[in-house]
Amino acid sequence: MSEKDKQAMQTMADAIADLPEEKKQYFVGFAEGVAAMADQVKDKPGT
């Protein structure tokens, strides 16, 4: 993992820690959706 990736992860972790529980669940759902899209793009031929 690059230093830029580590910094982005720390920034997100800090922001999530301050959120109320229902907003944390929303963020987790959003992140899972982004991960699913990234998998689709990665598995798509020609990328």
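Of note:
- Charge sum, other residues only, whose C-beta stays under 12 Å from I16's C-beta, Lys/Arg counted +1 and Asp/Glu -1: -1
- Carbon/sulfur fraction of accessible area - the chain, other protein chains in place, 1.4 Å, %: 61 percent
- Helix 21-43 axis versus longest C-alpha principal axis of the chain: approximately 10°, rounded to the nearest ten.
- Think of a 1.4 Å ball rolled over the protein heavy atoms: the chain then has 92 Å² of accessible area per residue.
- Accessible-area ranking of K23, K4, largest first, probe 1.4 Å: K4, K23
- C-alpha long axis of helix 3-17 to longest principal axis of the chain, angle in °: 40 degrees
- Identified option (computed mean projected area of the Cα convex hull in nm²; candidates [x] 3.9; [y] 7.5; [z] 3.5): [x]
The values are calculated or read from the model by the stated rules, or taken from the named source; none is laboratory data. No experiment lies behind these values; they were computed from the predicted model shown. Cβ sites come from the backbone with ideal geometry, for glycine too, and all protein chains shown count toward neighbours. The area values use the complete protein model at the heavy-atom level, side chains included, leaving out ligands, DNA and RNA. Shrake-Rupley method; radii C 1.70, N 1.55, O 1.52, S 1.80 Å.
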